[in-house]
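Please treat every number below as a calculation from the coordinates, not as lab data. A quick note: this is a predicted structure, and the numbers were derived from the prediction, not measured. In this analysis, Cβ positions are derived from the backbone assuming ideal geometry, glycine residues included, and neighbour counts consider all displayed protein chains.
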Amino acid sequence: MRAVVITMALALAVGASGDVFELPLNCAGFYDINTPAWTMDFDLGVTFSEISHVYIDWSGEIRGALAESYYNPGNPYPLDEGIDAYLGSNPSPRLTEVWGGQETYPALEPFDQISTFTLYHSSSWSDLFDGKGTIMIDYEGLRGTGDWYYIERGSITLNNATLIFEGTIIPEPTSLFLIVLGGLWITRKSRINKFN
């Protein structure tokens, strides 16, 4: 009986451990003001009881933009450009972004980082517990304040990206059954050995 209790505790511990699930994204390419957003529906094939964090591990290069002030024409200056990843709203937007290019303009500024999706206000990951969702990746430019305008827009070359979920994956019934069955087999074997 003791082995059965230990086996059940082990089975529950397997389901309660922190898990990391990675999803490579086929989104490499060139992004600028004219590029449509890249969108993908995904099904991770797992179910979560909770999701603690979601990240995107991405790398590429950013070419900054060139702007000019209405009050100081003829003196252009570089600006950062960005790329963002969006995982929908629940109820507020869940997104993350990378900006760059101003300091290295006109040369490309490389980036290689893991960015955290931020939960704003009362947002949560509950709609993704079933492992299904949609991700969108898009070019992000600065919005003018009325005293400057773009002379030249920047761009982003995305080399690769991986979506990373951190949380607790609920074991599928088959796995849980096999763990319990293994525990019962061990119990039976120990009883047989006890009487021999």
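With a Cα-only, solvent-free Debye model of the stretch 22-170, what are the log10 I(q)/I(0) values at q = 0.18 Å⁻¹? Once normalised to I(0) and log-transformed, intensities are -1.01. Each peptide among 116-122, 80-86, 105-111, 29-35 gets the average number of other Cβ atoms lying within 10 Å of its residues, and from highest to lowest they stand as 80-86, 105-111, 29-35, 116-122. Using the alpha-carbon positions of the stretch 11-101, Rg (one decimal) and Dmax (whole number) come out as 19.2, 69 Å. Less than 5 angstrom separates the built amide H of Phe48 from those of Asp130, Gly131, Ile170, all sequence-distant by 5 or more or on a different chain.
What is the distance in Å between the Cα centres of the stretch 122-173 and the stretch 43-86? When both Cα centres are located, 9 Å separates them. Percent of C-alpha pairs per 5 Å bin in the stretch 67-138, short distances first: 3, 13, 17, 16, 13, 10, 10, 9, 4, 2, 1. 3J(HN,Hα) along the stretch 58-75, derived from phi through the Karplus expression 6.51 cos²θ - 1.76 cosθ + 1.60 where θ = phi - 60°, amounts to 9, 8, x, 9, 10, 9, x, 9, 10, 10, 9, 7, 5, 8, 9, x, x, 10 Hz, with x in place of Gly and Pro.
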